[in-house]
């Protein structure tokens, strides 16, 4: 008995030679598809089901990215994305979810499904564990430096102001008057400082840049936020927040991009950044929120919404998560959900400012026919100094027109023209709404007031 006792418990027998039947393969597939880990991953499940069916039918050698686009996506080009690139990102997500499933709930499954890197073709493995398996150990992720983005010129003063965040250990002390959220935040920062002052610096930068992501239609603002998240990744490549924030900024930039080629490239980069965030911190709401918004930018509305609902479950008290879910719900046409997500008045502390919530509520209530509520929301947004955009004033003007307040609506349009001359409202809304009919609900009212839509695209507004 010279063997270590661990050998007995950890030993995994090699796959036996007898063939795996189609019945066993189908059972393995159903075990994966019905696992809660795959809830909200509709496209991933579709790809897995399709590739397994093709392999079982003897067509495994013919599985390519293009065949998946044709047969799974119905030959439809994903909005703002190269379909084959989107498939690559989804395949990476599928491999990660399969790894996690077989490390946890599926660790005792007798047959496993693998999608090897560099291929979409499934491989089946029979596994027999002689005794209880060892505890699952999450694989350590490997990271590479992100390539530079073409983000334009930033003033040194603006970036320097963001980069120099004071790091003082004594600032983490708590007082009797601190509320629970303040105590938790200070403890979190103290723990990060213990790990490394650079880690704390990265965390602080990401936290500040996260406040810059709204309003969505401000392209220079998104570029500035993206540059800061790049710096976060450079400081600490192991911190998920840099990737999550970069994904959200890139997803927004892809929506605002008029060039189809650049839009495809940008949305693919957003999906890849979101994938990195999820790989590092799969249970963090911000990681999943970034993936949800990147999917939204690629036109995966249903899957984006399902994943967004999960992010709210992961952290129902994160105002940023709620605002991004509200955004996805709003522009997917789920107006009730958008209005509900913006109703948490308690999440308004300095660390949870929720600048977007009144804008989301105003737009959602407009489509619900609650025009007085829309006006109230946008008036409150102006009163509290929330960042506004050209579409905000357009919604405000349209709501006033719906209420019969024509003079006030006309004055609001004058404000719009003064603040954002020639703002391409229709192009902005068409670029982000899942259905054009929702855009018409707003612009039709403006046109009745004599407004005409400029032809310039949002990226022209510097």
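Every number in this text was worked out from the coordinates using simple rules, so none of it is lab data. A quick note: this is a predicted structure, and the numbers were derived from the prediction, not measured. Note: ideal-geometry Cβ built from the backbone for every residue, glycine included; neighbour counts use all protein chains shown.
Please report the spacing between the Cα centers of the range 253-316 and the range 366-409 in Å, no decimals.
Answer, in whole Å: 29.
Based on Cα coordinates alone, diagonalise the gyration tensor for the range 243-316, multiply each eigenvalue by 5, take square roots, and list the semi-axes in whole Å, largest first.
Each semi-axis is the square root of five times an eigenvalue, giving 21, 13, 8 Å.
So, by mean Cβ neighbours within 10 angstrom, what's the order for 60-68, 199-207 with the highest one leading?
Ranked from most to least packed, the peptides come out as 199-207, 60-68.
For 20, 113, 360, what ranking results if the residue with the fewest other Cβ atoms within 10 Å of its Cβ goes first?
20, 113, 360
If you rank 334, 107 by fewest surrounding Cβ atoms within 10 Å, what's the result?
Least crowded to most crowded, the residues run 107, 334.
Given a cut-off of under 8 Å on Cα pairs at least six residues apart, what relative contact order in percent is computed for the range 12-129?
Numbers: 117 pairs, mean separation 43.8, N = 118.
Result for the range 12-129 is 37 percent.
Please list 425-436, 279-290 highest first by mean number of surrounding beta-carbon atoms within 10 Å per residue.
Ranked from most to least packed, the peptides come out as 279-290, 425-436.
Which order do the peptides 234-241, 302-309 come out in when sorted by mean C-beta neighbours inside 10 angstrom, highest first?
On the way: 234-241: 19.2, 302-309: 21.4.
Most protected by this proxy first, the peptides run 302-309, 234-241.
Which of rounded, prolate, oblate describes the range 232-376, given a ≥ b ≥ c as roots of the alpha-carbon gyration tensor eigenvalues and a/c under 1.5 marking rounded, otherwise prolate only if a/b is larger than b/c?
Oblate, since a/c reaches 1.5 and b/c is not below a/b.
On the Cα set of the range 12-129, report Rg and Dmax in Å, please.
14.4, 47
Test of understanding: ordering 439, 52 by Cβ neighbours within 10 Å, fewest first, what list do you get?
439, 52
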